[in-house]
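Worksheet: the structure to be examined is printed underneath.
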Amino acid sequence: MTDLDLRLVRYFTAVAEHRHFGRAAAALHTTQPSLSRQIRRLEGQLGARLLDRTPQGSRLTEAGEVFLPRAQALLQSAAQAAASTRAAATPGRITVGYLTNLFVTPAVRDLRRRHPDAEVLTRHLGWNETAAALLAHRIDVAVTRLPLPADGLDVTPLYDEERVLVVAADHRLAGRASVTVDDIAGEPLPRLADPAWNAFWRVDPRPDGSRAPDGPLLESYEEKYELIAAGQLVAIAPAVVRRSRLRPDVTTVPMEGVEPCHVVLATRAGDRTRLLAEACETLEAHLTPRT
């Protein structure tokens, strides 16, 4: 087994890049004779000549051509390992994202208590912001709802929550013990820009294959509730809204026969520092219902 000296590997890649010992030595802030000795040491470790000197400078041998991409990958891997290790060893900073009516305060308070040297931040997310915020490193972990794009993310289920119908207080369905999608067959529902969310939160298509009646395309939470209160829309929402301070002219009715919504924890795929791992464990402990 050959134990490679990464410093020698870096010297080789510099010469391979510059194709000239003199220019590589200048870039490495060393002398040309010293650089030549280091390359010979590396060739001795590998048992192969990597570079040939020419009147124009230097060129890779066949063995050098084979070794170069592996040397570059080795240096990149070493740099990534060092960065990940430093991040895991220091208190660092973490940002927890959350959607409306998903409450992370107790978990964040607990995390701050156990990591007083860390900076633990929170960020409220719009209904369709989670994936972009994670992949852009604006947040590190999110308490969010499905559906969610899976590419580049790790998703951990937390719990399921029943869905309710939100209607005007004087709507014909207000006060019912429960409703089904058949009861709202002719009721327009607000549309969302994301196709997956649109299908899930409108139950579209319906079990019989019919399409949900179209309401307006909405982005604003306030606008949606204004139209519901005016009797122009109904909307399907997570049951947690029943515990929220809804407008006095809006009420909710339990829904039967529809899939519950799924609350999950989402992180970037493969992103695991010690602080992030502890944050995920803390959020799961506080948000997963006891059985």
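Quick note: the coordinates plus some simple rules give every number you see, no bench work behind them. As the structure is a computational prediction, the values presented were derived from the model and not from experiment. Positions of Cβ are backbone-derived with ideal geometry, glycine not excepted, and every protein chain shown enters the neighbour counts.
For the chain, find the longest principal axis of its Cα atoms and tell me its angle to the long axis of helix 105-114, 0 to 90°, nearest 10.
The angle comes out at about 30 degrees.
What is the spin-label model distance, in nm, from Arg7 to Thr61 if the labels are put 7 Å beyond Cα along the C-beta direction?
Going by the 7 Å Cα→Cβ label model, 2.4 nm.
For region 265-291 and region 128-188, what is the centre-to-centre distance using only Cα atoms, to the nearest Å?
21 Å
Quick one: which residues, 5 or more positions from Thr122 or on another chain, have an amide H under 5 Å from its amide H? H modelled 1.01 Å from N in the peptide plane, none for Pro or chain starts.
When sequence neighbours closer than 5 places are left aside, the close amide H contacts are Val96.
What's the whole-number percent of alpha carbon pairs in region 6-89 lying beyond 16 angstrom?
Of the Cα pairs, 52 percent sit more than 16 Å apart.
Once both labels are modelled 7 Å past Cα along the beta-carbon direction, what's the Asp214-Glu162 spacing in nm?
Taking the simple label geometry, Asp214 and Glu162 are separated by 3.3 nm.
Considering the convex hull of the alpha carbon atoms of the chain, report its projected area averaged over all viewing directions, in nm², one decimal. Don't jump to the answer; show the numbers that get you there.
Details: hull surface 94.5 nm².
If I average the Cα hull's projected area over directions, I get 23.6 nm².
Can you give the Rg and Dmax of region 163-259 based on its C-alpha atoms, in angstrom?
Final numbers for Rg and Dmax: 12.3, 35 Å.
Note the angle between two axes, namely the Cα long axis of helix 32-46 and the longest principal axis of the Cα atoms of the chain, as a number of degrees from 0 to 90, rounded to the nearest 10.
Long axis of 32-46 versus the principal axis of the chain: about 70 degrees.
Once both axes come from the Cα atoms, what is the angle between helix 6-18 and the longest principal axis of the chain, in degrees from 0 to 90, rounded to 10?
Around 80 degrees separate the two axes.
Within region 124-146, name every residue whose backbone N is under 16 Å away from a label modeled 7 Å from Cα of Arg112 along the Cβ vector.
124
Longest exposed-loop-site-free stretch of the chain, with trypsin sites (Lys or Arg not before Pro), DSSP loop and at most 15 other Cβ within 10 Å?
My reading of the result: 50-137 is the longest stretch.
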